[in-house]
Every structure is written in C-alpha cells, then in structure tokens.
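The values are calculated or read from the model by the stated rules, or taken from the named source; none is laboratory data. Just so it is clear, the structure is predicted and the values come from calculations on it, not from any experiment. Glycine gets a Cβ as well: all are built from the backbone with ideal geometry, and neighbour counts include every protein chain shown. Surface areas here come from the heavy atoms of the whole protein model, side chains and all, with no ligands, DNA or RNA. Shrake-Rupley method; radii C 1.70, N 1.55, O 1.52, S 1.80 Å.
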2 protein chains.
Amino acid sequence: MTGKPENSNNISKIEQQLRSQLESMYQLAVSVDCVIFGYDDEDLKVLVIESDMPKYKGMLSLPGYLVDPDTDLEEAAQIVLKDRTGLSDLYMEQVMAFGERDRHPLGRVITIAYYSLVEINKFQPPSDQKNKPQWLSLNQVNELAFDHKKILETCLQRLRLRLQEQPLGFNLLPDKFSLKQLQRLYESVLGIELDKRNFRRKLKSLDVLIDLGEFQKAVSNRPAKLYKFDLEKYNAKKKKGMFMNF
Amino acid sequence: MTGKPENSNNISKIEQQLRSQLESMYQLAVSVDCVIFGYDDEDLKVLVIESDMPKYKGMLSLPGYLVDPDTDLEEAAQIVLKDRTGLSDLYMEQVMAFGERDRHPLGRVITIAYYSLVEINKFQPPSDQKNKPQWLSLNQVNELAFDHKKILETCLQRLRLRLQEQPLGFNLLPDKFSLKQLQRLYESVLGIELDKRNFRRKLKSLDVLIDLGEFQKAVSNRPAKLYKFDLEKYNAKKKKGMFMNF
DNA sequence: TAGACAAAGTGTTAAAGTGACACTAATATA
DNA sequence: TATATTAGTGTCACTTTAACACTTTGTCTA
C-alpha cells in the first residue's frame with residue numbers, strides 16, 4: 001500500500017526538498033495545512049491523506065504545502081485546495097499559526113492553518129490517487145499525524161463560531177436544499193439539537209433564503225420545499241451581523 | 001534623533017541578521033509582531049516604536065522579533081513583550097499570520113501577529129530608550145510601517161470580539177476600579193456609548209465582581225465604590241460563555 | 001384505491017433579556 | 001451652608017427565546 005514505487009518517489013522528493021530547506025542556514029520552514037470540510041447529510045467530514053513522513057508513515061494527516069518564498073500565504077492555501085480537490089474559489093479562512101518547536105520531526109516547520117468549505121459532491125477522491133485522500137467523519141477521527149488533531153479542533157471551533165454569526169452553512173450544501181437539511185447541518189456542526197419550529201422561525205426572520213417553489217423528488221414521504229441562498233440580500237444585510245444564537 | 005551612534009549600531013545589527021537569513025538558501029523568515037494594548041482612563045493605546053528599516057526609517061511600527069529555529073512561536077511573542085515592557089505573564093493571544101509576498105522590503109518575511117493587554121501604569125516607556133517606544137492613542141494612529149496598520153486593525157477587531165464574550169477588560173485596568181471606569185473602557189474599545197444603568201445591571205448579572213467596600217479617594221465629588229475582578233468565580237462559569245451583547 | 005406510514009409544515013404562550021428613560025445621594029469646594 | 005459634580009438606583013414596554021403537539025401531503029402496499 002505505502003510501498004508503491006510511484007508513492008515512494010513522491011515521498012522522497014517532498015522529503016528531500018524539505019530536508020534541504022531545513023539544512024540551509026536559517027533552518028526554518030513554513031507550511032500551510034488545510035482543513036477541508038465537507039458534509040454529506042449525516043456528518044461533518046474532513047479530507048485527510050496518508051502521511052509521507054517517515055515518523056508518521058501511513059497515519060492520516062491534513063493536506064499541506066511547503067510555502068516557497070515566491071508564493072503568498074493565501075495563494076499557498078489555495079494551491080493545496082486546488083491540488084487536492086481540483087476546486088477553487090471556495091470559502092476559505094485562515095485560522096492561526098502553529099509554531100511549537102518540536103511539532104515537526106524533520107526540523108523547525110511553522111505551519112499556518114486554513115479551513116475551507118466544500119460541497120462534498122463536488123469532490124469524490126479517486127481511489128487510486130497517491131496519499132489516498134479520503135473523507136473522514138469528524139467523529140471517527142482518532143489520532144492524526146503531527147499536531148494535526150489540534151489544528152483540526154481549532155479549525156472546527158472557528159467554523160462553529162462563524163456558523164453562528166454568518167450563514168456559512170450554504171457552502172457545505174448543494175445549491176438547492178431543504179430546511180431540514182440546513183437544520184441537520186447546523187446540528188451536526190454545532191453538536192446540539194435544535195427545535196424545528198424555532199429554527200424555521202429564525203431563518204425566516206434572517207430573510208436570506210429564496211423559496212424556489214420546487215420540491216424534493218424520489219422521497220417516500222411528503223417532499224420538502226427547496227430553497228437557495230440569497231447572496232445579494234445577504235451581502236446587503238451582512239454588516240449588521242446575523243446571529244444564530246443557538 | 002535617528003542618527004544616534006548607538007541607534008545606528010542597532011539598526012545595522014538587526015538588519016544584517018535579517019539579511020543573512022534572507023540570503024540563505026530558503027530565503028524565508030518568520031517574525032512575530034505584537035500589538036500591546038494599554039488603556040489610560042481615556043483612550044485605548046498601543047505601544048509603538050520607531051522603525052529601523054531603511055525604507056521606513058523613523059516611521060512608527062509595532063514591536064516585533066525575528067523567530068529563530070530554537071524558539072517556540074508563543075515564546076517569541078513573550079520575548080517581545082518582556083523586552084519592550086519588562087512585563088510577563090500577561091494576557092496574550094495569537095491573532096493570525098500575515099504573509100503577503102511583498103509585505104517586507106528586505107525579502108520574504110511572514111509574520112505572526114499577537115496582541116496583549118497591559119495595565120498601562122505598569123509600563124511607562126523611558127524617554128531615552130532606543131526606538132523610542134511610546135503609547136499612541138488608537139485614534140491618533142495614522143500610517144504605520146510595513147503592513148502594521150492592517151495588523152493593528154485586525155488585532156483590534158479581535159479584541160473587540162473577545163471583549164464581548166469574555167470579561168477581558170480587567171487586564172487593562174488597575175486591580176481596583178470603579179464601574180464607571182469599566183464602562184468607559186468598554187465604550188472606548190468598542191467605540192459605542194452605553195447606558196449606565198443597563199451596563200450595571202448586566203455586570204451585576206454576570207456576577208464576577210467583588211465589591212471591595214472601598215471608595216475612590218481625592219475626587220471632588222461623590223467617590224465611587226471600588227471593585228475587583230473575581231477570577232475564581234469567572235473560571236467556574238467561563239465554560240458557559242459570558243456574553244456582553246452590546 | 002383506501003389505509004398506513006413518514007416526514008413536512010405550522011402558532012401560541014410564558015419567561016428572559018434588552019433598551020429607554022430621570023431622579024436622589026454623597027462628597028468636595030467655594 | 002449652598003453649589004457643583006459625579007455615583008447610584010428601578011420600572012415599563014418591547015423583543016427575543018424556549019418549550020411544546022397536531023395537521024398536511026405525499027408514497028407505498030395490501
């Protein structure tokens with residue numbers, strides 16, 4: 001599995017590059033690590049890969065990228081996203097830097113963590129790709145390589161915060177969605193239960209949904225109305241803050 | 001002023017160090033920049049120094065430090081604080097990394113911004129110190145060197161956020177303070193006016209102040225009661241969040 | 001095609017929180 | 001002792017939140 005020739009080549013190239021940078025005079029490197037969130041109507045998930053580093057070989061880790069001097073930090077994070085999922089122009093936010101001295105086995109690497117939100121259907125990892133990218137349910141995350149567990153938790157915390165002050169959830173859902181889907185999203189990200197009627201009342205008062213007049217199809221019960229997010233209305237109101245005080 | 005021999009020596013040492021690091025193979029350096037906030041019963045202030053960099057010579061900038069490979073990021077920020085004010089164990093929070101390619105005139109320097117809260121009376125900058133550290137009122141900040149204006153604004157925004165979810169204000173005030181002082185602090189940091197009675201009601205309901213039974217002295221009017229912050233009570237309640245929804 | 005099943009959708013009420021507002025109390029000083 | 005200055009206090013109308021149960025609409029199947 002981790003012994004494929006193609007895989008090995010890749011490992012050593014990345015590792016060599018990093019080693020040479022760390023062996024240079026200043027001996028300090030900077031990376032970005034991305035927490036790419038997806039949501040599949042059940043769980044919040046995160047995109048993980050199998051680590052290349054000898055010490056963590058085979059362990060799951062967050063996709064990252066070594067920042068070279070000619071690349072903006074933001075750009076570097078976009079590169080990770082693009083490389084791993086083929087997607088761009090997604091919601092992405094920097095969270096913070098992680099810079100403990102011993103966080104990386106090969107030397108001093110300070111990493112900047114970003115998280116981004118992906119509609120999960122837009123990217124299904126091909127099964128034969130190197131590093132075996134995969135969607136992992138957040139409640140199935142055990143250990144991760146490096147300090148990535150801590151990074152993931154920090155990013156999740158930030159996402160929760162944001163979700164309560166801005167209607168970010170739409171980034172994780174398909175264009176058309178039902179109120180129930182939206183509620184379930186809030187419930188699984190925030191880890192709480194919400195009252196259906198109160199949730200709907202709140203959303204109505206925010207007034208950022210467009211009723212499409214369409215309905216779910218192929219469900220074996222009363223189909224739900226479908227809505228889409230009204231970006232324009234949202235942008236017009238944004239400044240005042242839109243709190244979901246659950 | 002900027003021509004003092006002692007000063008010049010310092011400039012070149014710092015600059016040489018940085019240059020040599022940037023000229024090394026990997027050509028990327030990491031710094032920390034600190035927004036040190038103080039409050040003097042009137043205004044929120046920030047500690048600034050005069051810049052050493054040729055391009056920004058004499059301009060005001062935030063105190064910073066070049067992170068060397070053996071120093072934790074957090075530690076580096078503490079060093080800046082300690083070096084500049086002599087103080088340690090203060091409230092300090094990392095905000096985020098700033099990593100635009102051209103943010104630094106000498107080359108690629110990614111910086112991590114921290115802010116911290118200081119009781120302003122605990123540090124009065126000596127007038128003869130190099131780089132002329134000084135407290136600058138936030139509403140007197142015009143331009144700063146590098147992207148430090150942006151960094152300052154981001155840190156201020158974070159402080160405002162935090163102030164509304166945790167009673168951080170106490171870090172900026174002396175141990176004993178009146179309710180009026182506390183209200184003025186909130187008003188100047190948040191940039192809004194608050195109703196005296198509503199403010200007091202809110203604070204009473206949070207129940208994290210200890211009435212010291214003491215009063216202001218040497219004021220030419222009715223002296224106000226003095227309070228102190230009840231750290232224990234606060235820690236016991238903290239988890240539930242303590243929102244000041246002004 | 002009628003009845004059972006499953007999820008969608010809908011309002012009310014009590015409690016808590018917020019915002020607006022004006023007078024009395026205590027001290028220093030002239 | 002009168003005046004000036006700031007401290008300190010309560011109420012009411014309104015808004016927001018939390019808790020709670022039944023009807024509607026479609027599909028499936030007997």
Mind checking which helices (runs of 4 or more DSSP H) fall wholly inside region B:148-246 and carry at least 3 residues that are more than 16 Å from DNA strand D (Cβ to nearest atom)?
B:148-165, B:231-237
Every residue from region B:44-75 that is of a type in the set (Ser, Thr, Tyr) and open to solvent by 30 Å² or more (accessible area, probe 1.4 Å)
B:TYR56, B:TYR65
Considering residues that are free of Cβ contacts under 8 Å to residues at least 60 places away in the same chain and within 15 Å of DNA strand C (Cβ to nearest atom), the number found within region B:160-190 is 6
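Quick grid of which residues meet (1) at pLDDT 95 or above; (2) within 14 Å of chain A (Cβ to nearest Cβ):
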site: B:ASP128; (1), (2): no, no
site: B:SER137; (1), (2): yes, no
site: B:ASP147; (1), (2): yes, yes
site: B:LEU152; (1), (2): yes, no
Filter region B:41-75 down to the residues that are assigned to a helix (DSSP H, G or I) and more than 20 Å from the chain's Cα centre (by Cα) and list them by number.
B:PRO54, B:LYS55, B:TYR56
Hits in region B:128-155 (condition: open to solvent by less than 10 Å² (accessible area, probe 1.4 Å) and in contact with a Phe, Trp or Tyr (Cβ under 8 Å, 6 or more places away or on another chain)):
B:ALA145, B:ILE151, B:CYS155
For region B:76-113: of the residues being of a type in the set (A, V, I, L, M) and open to solvent by 10 Å² or more (accessible area, probe 1.4 Å), which is farthest from the chain's Cα centre (by Cα)?
B:LEU106
Hey, can you tell me all the residues within region A:200-226 that are within 9 Å of DNA strand C (Cβ to nearest atom) and either touching a helix residue (DSSP H, G or I) at 6+ places or on another chain (Cβ under 9 Å) or of a type in the set (S, T, N, Q) (or both)?
A:ARG200, A:GLN216, A:SER220, A:ASN221, A:ALA224, A:LYS225
So is B:ASN245 open to solvent by 70 Å² or more (accessible area, probe 1.4 Å) and within 29 Å of B:LEU138 (Cα to Cα) or not?
yes
Would you check if there is a residue in region A:80-100 being within 14 Å of chain B (Cβ to nearest Cβ), touching a Leu at 6+ places or on another chain (Cβ under 9 Å) and in a loop (DSSP other than H, G, I, E, B)?
yes
Flagged in region A:124-144 as touching a residue at least 60 places away in the same chain (Cβ under 8 Å) and within 17 Å of the chain's Cα centre (by Cα), in numbering order, are A:PRO125, A:LYS132, A:PRO133, A:GLN134, A:TRP135, A:LEU136, A:SER137, A:LEU138, A:ASN139, A:VAL141, A:LEU144
